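Here the structure comes first, spelled out in structure tokens, and everything after it is commentary.
The values are calculated or read from the model by the stated rules, or taken from the named source; none is laboratory data. None of the values given here were measured: they were computed from a predicted structure. Ideal geometry is used to build each Cβ from the backbone, glycine not excepted, and the neighbour counts take in all protein chains shown. These area figures cover heavy atoms from the full protein model, side chains too; ligands, DNA and RNA do not enter into them. Shrake-Rupley method; radii C 1.70, N 1.55, O 1.52, S 1.80 Å.
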Amino acid sequence: MTIASILKHKGGNVVSVGPHDEAETIARILSAHRIGAVLVRDAGGDVLGIVSERDIVRCLAAKGAGAVHLPAAELMTRVLHTATPRTRITEALELMTDRRVRHLPVLEDDGNLAGMVSIGDLVKARIEEAVHEAEELRHYVETAG
């Protein structure tokens, strides 16, 4: 199973903010969409980084209440770990575990954004795959005798 199968059901829409959007605005967007991260994109749509709930919390801890006025450009993680639609779910889970990230932007070969997946998306897909495999095995055992 690949990331493409997740995006087929989830879709390719990605919630994004601009580099000048403040932490308070980003927190409201995260809450409104019930998501854990947003991509930071410039006016042309190029991905500049990612801001997660963790980034906001770390900034608040380091800078206090004034952090709510910091722009995304100062909060964001610039080094992105990404996947492609062809990335296997198990590979993506391994990458997330190794890099300690919970969201992966999905990029096409040409660099265009195809979507974004979360650890929750991957775990859900992996569970569905395991349930399907168990059902197939059960059916095979029942009909093999």
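The table below gives the values:
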| quantity | calculated |
| --- | --- |
| For the stretch 48-112, alpha-carbon Rg over 2.2 N^0.38 Å | 1.32 |
| Residues of the chain: accessible area per residue with a 1.4 Å probe, Å² | 62 |
| Degrees separating the helix 53-63 axis from the principal Cα axis of the chain, which is the longest one | 30 |
| Largest-first ordering by accessible area, 1.4 Å probe, given options Leu48, Leu7 | Leu48, Leu7 |
| Cα lying deepest toward the dipole's positive end in the chain, options Leu137, Leu7, Ala65, charges on Cβ | Ala65 |
| Gyration tensor over alpha-carbon atoms, the stretch 19-79, equivalent ellipsoid semi-axes in Å | 17, 13, 10 |
| Percent RCO, i.e. relative contact order, over the stretch 7-105, from Cα pairs under 8 Å lying at least 6 residues apart | 26 |
| Residue among Val47, Ala27, Val117 farthest towards the positive dipole end of the chain, charges placed on Cβ | Ala27 |
| Full-extension gain in nm, His9 to Val123, via 0.36 nm per residue minus C-alpha separation | 39.6 nm |
| ³J(HN,Hα), Karplus 6.51/-1.76/1.60, whole Hz, each residue of the stretch 20-27, x for Gly, Pro | 9, 5, 7, 3, 4, 5, 4, 4 |
